[in-house]
Amino acid sequence: MSEVAAPLGLPTSRSGQSALSVCETAARRAGELVVARFRTDVEVSLKGRANVVTDADLASERLILDYVRDEYPDFGVLSEESAPVPGSSPYTWVVDPIDGTRNFAEGIPHFCVVVAIARGDEVVAGVTYDPVRDEMFAAQKGAGACLNGQPIKVSDRQDMSDAIIGFDLGYDFGQAKHLMDMVAGIWPQASGYRLMGSSAMSIAYAAAGRIDLYCHHSLSAWDIASGILLAKEAGARVLDRATLQDATLFSPGLIISNPSLVEQFLTITEGTVWREM
């Protein structure tokens with residue numbers, strides 16, 4: 001389990017575990033299921049253009065929700081593949097049973113499981129779990145972020161010309177076109193780009209300093225729940241793309257990096273359609 005202290009105010013579970021331990025156990029169990037189904041004959045359905053869901057997503061979600069509801073029956077639920085469920089507690093589970101489903105469905109080993117806890121629009125604990133590589137990115141408010149129990153921190157690169165920028169396109173194709181225009185326009189003021197097909201994993205990579213800056217324009221709460229906390233606890237500046245204020249669970253777009261690179265990125269992208277839409 002992760003070596004971070006329990007945040008004040010979060011109750012222990014029915015079985016006496018910390019909230020973060022429940023997040024981790026849920027993610028690991030779901031990860032085992034997902035990996036067992038990887039590169040097998042899964043059922044794939046379309047939720048929208050290029051937006052797919054598989055029977056593995058649904059099975060993963062059922063496994064997670066059955067477990068976390070048993071441990072915290074009064075928490076609400078906000079999960080990608082089912083309707084929101086209000087709770088009697090101020091806390092809500094936020095779940096993405098497979099982030100990077102298109103990668104999963106195509107046999108590309110780059111996807112993850114997200115399990116997080118929010119109080120209102122603030123994430124207070126959460127994990128992003130890569131079951132292929134057995135990498136557990138975990139964070140709690142005020143207690144730091146870690147990868148498999150070891151502390152992580154955002155990139156300390158200070159010059160955009162040395163930076164690797166990560167982004168994903170999402171399902172709003174007009175906005176995606178503006179993003180591609182923007183990244184093409186600032187090239188070669190950055191060292192390189194990475195588009196990996198899982199926003200949750202990319203945000204975790206930004207928190208761990210594997211990429212230097214991440215940006216996106218069209219995200220859901222379950223895409224970013226664990227990630228925004230990971231990044232903040234790892235020392236990143238995490239901005240809402242539209243308001244340039246601190247991002248919350250319901251920010252649809254993000255810009256994430258260390259303070260210096262965020263300021264440089266804002267300067268070189270000022271006036272672009274992507275920034276202003």
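Only one entry of A247, A234, A206 meets the criterion of being under 25 Å from G76 (Cα atoms), crowded, with 24+ Cβ neighbours inside 10 Å, in contact with a strand residue (DSSP E or B) (Cβ under 6 Å, 6 or more places away or on another chain) and aliphatic (A, V, I, L, M), and that entry is A247.
The residues of region 51-86 that are open to solvent by 40 Å² or more (accessible area, probe 1.4 Å), over 19 Å from the mean Cα position of the chain (by Cα) and more than 16 Å from E32 (Cα to Cα), listed by number, are R69, D70, P73, D74, A83, V85, P86. Scanning region 78-137 for residues that are closer than 22 Å to T54 by Cβ and hydroxyl-bearing (S, T, Y) yields S79, S82, T101, T128, Y129.
State whether the residues of region 69-76 include one that is within 16 Å of A221 (Cβ to Cβ) and at pLDDT 95 or above. Steps first, answer last, please.
Our first condition is that a residue be within 16 Å of A221 (Cβ to Cβ); within region 69-76, this holds for 75-76.
Now narrow it down to the ones that are at pLDDT 95 or above: 75-76.
Looking through region 69-76, at least one residue is within 16 Å of A221 (Cβ to Cβ) and at pLDDT 95 or above.
What residue, among those in region 10-49 that are open to solvent by 60 Å² or more (accessible area, probe 1.4 Å) and over 22 Å from P109 (Cβ atoms), is modelled with the lowest pLDDT? Among those residues, the one meeting the criterion is R49.
The values are calculated or read from the model by the stated rules, or taken from the named source; none is laboratory data. This is a predicted model, so every value here is computed, not measured. When we count neighbours, we look across all protein chains shown, and the Cβ atoms used for this are built from the backbone with ideal geometry, even at glycine. The accessibility values were calculated without ligands, DNA or RNA, using every heavy atom of the protein model including side chains. Shrake-Rupley method; radii C 1.70, N 1.55, O 1.52, S 1.80 Å.
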